[in-house]
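What follows is one structure encoded as structure tokens, with my remarks underneath.
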Amino acid sequence: MASQESKKTSPIRPTDDEARQLARKLIDGAKFAALGFAEPGTGRPLVSRVAVAVDGAGAVVVLASDLSNHSKALAKDARASLLLGEPGKGDPLAHPRITVIGMMERIDQASSEHADLRPLWLASHPKAELYIDFADFRFYRLKPERALLNGGFGKAYELTVADLALGR
């Protein structure tokens, strides 16, 4: 006789084009995210709210000060995740969201990459004009390894890097 445990089915659905499109929509439409990272010294998880933009290749970019806790933590351990997707009216858990997991790549302020990202960032976050050129601010790009998509109740997916590149 099979146990109750073995009769349970996985809540993860097979990834399809609808899930891939929703993932890209959530990523491409994001202005803010929750950034998860490991606290130096303890390794405990910490989360910080950050502004985001998406570069021409579809990667999520963050602008942060070297003085921030998350920048200091990422300098020691680049592993990170970004939770993207804003709740609307009603139950916030009924709205789609995606967690993109990977490594944060620090982009030097003197690099051509920084220069390329600057106008893209300001188009999305014009008030950043006040501080974007401060010596302690720089961009970080999330290099994704995988993602977890929750499309609403009963719509969970695991996505690969290839799934995230839909339409890119």
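Go through region 14-58 and give me each residue that's closer than 15 Å to residue 82 by Cα and in contact with a Pro (Cβ under 7 Å, 6 or more places away or on another chain). Answer for region 14-58, where residues must be closer than 15 Å to residue 82 by Cα and in contact with a Pro (Cβ under 7 Å, 6 or more places away or on another chain): 26, 36, 38.
Beta carbons closer than 8 Å, at least 6 apart along the sequence or on distinct chains, pair a first residue in region 12-34 that is touching a residue at least 12 places away in the same chain (Cβ under 8 Å) and within 12 Å of residue 53 (Cα to Cα) with a second that is of a type in the set (A, V, I, L, M) and assigned to a helix (DSSP H, G or I) for 27/164.
Of everything in region 134-158 that is touching a Ser or Thr at 6+ places or on another chain (Cβ under 6 Å) and in contact (Cβ under 8 Å) with a residue 60 or more places away in the chain, the residue that is surrounded by the most Cβ atoms within 10 Å (Cβ to Cβ) is 157. The condition of being in contact with an Asp or Glu (Cβ under 8 Å, 6 or more places away or on another chain), surrounded by 15 or more Cβ atoms within 10 Å (Cβ to Cβ) and closer than 17 Å to residue 52 by Cβ holds for only one of 164, 74, 83, 117, that being 117. Scanning region 143-159 for residues that are assigned to a strand (DSSP E or B) and within 26 Å of residue 94 (Cβ to Cβ) yields a count of 10. Look at residue 23 and say whether it is within 18 Å of residue 157 (Cα to Cα) and buried (at least 17 other Cβ atoms within 10 Å of the Cβ). Answer is yes for this residue. The residues of region 40-67 that are in a loop (DSSP other than H, G, I, E, B), among the small types (Gly, Ala, Ser) and under 18 Å from the mean Cα position of the chain (by Cα), listed by number, are 56, 57, 58, 59.
For region 79-124, which residues satisfy the criterion of being of a type in the set (Ser, Thr, Tyr) and touching a His at 6+ places or on another chain (Cβ under 7 Å)? Working first, answer last.
Residues of region 79-124 of a type in the set (Ser, Thr, Tyr): 81, 99, 111-112, 124.
Residues satisfying the conditions do not exist here.
Here the condition is being under 24 Å from residue 151 (Cβ atoms) and of a type outside the set (A, V, I, L, M, F, W, C); of 89, 76, 72, it holds for 89 alone.
FYI, it's all coordinate maths here, none of it is from the lab. Since the model is a prediction, treat every value here as computed from it, not as a measurement. So basically every Cβ, Gly included, is an ideal-geometry build from the backbone, and we count neighbours across all protein chains shown.
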